[in-house]
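To start, the structure itself, in structure tokens.
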Amino acid sequence: MLVLITYDVNTQTPLGRKRLRQVAKQCVNYGQRVQNSVFECVLDVAKCREVQHKLEQIIDKDTDSLRFYYLGNNYKNKVEHIGIKDSFNVEGTLIV
């Protein structure tokens, strides 16, 4: 299923900036960055729980936020892209 992971990490402190880097680093392991704090990830249920658990361990729930949008397996009809960055096949080969 396609899961859109978005986050907002408070970066007003050095610890906040560190959390931001850690969250981004984890998200890169599971999907493709499509905007600064937005990742498209094709995950099964187990991987989705895994990344959610890892991210919850990083963020400060009093100042940061995570959002998971579950677009399912028929996501191709639900995603429309307009603008500068080309769309890509999230299930395709990432390295050529």
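Couple of notes before you dig in:
- Gained length - Ala46 relative to Lys25, 0.36 nm times residue gap less alpha-carbon distance: 5.6 nm
- Positive-end residue of Ser37, Gly16, Ile84, charge dipole of the chain with Cβ unit charges: Gly16
- Cα long-axis angle, helix 14-28 against the chain (0 to 90 degrees, to the nearest 10): 20
- Accessible carbon and sulfur surface of the chain relative to its total accessible area, %, 1.4 Å: 48
- Per residue, the accessible area of the chain comes to 73 Å² when a 1.4 Å probe rolls over the protein heavy atoms.
The values are calculated or read from the model by the stated rules, or taken from the named source; none is laboratory data. This is a predicted model, so every value here is computed, not measured. All Cβ positions, glycine included, derive from the backbone under ideal geometry; neighbour counts span all protein chains shown. Calculation scope for accessible area: heavy atoms of the full protein, side chains included, ligands and nucleic acids excluded. Shrake-Rupley method; radii C 1.70, N 1.55, O 1.52, S 1.80 Å.
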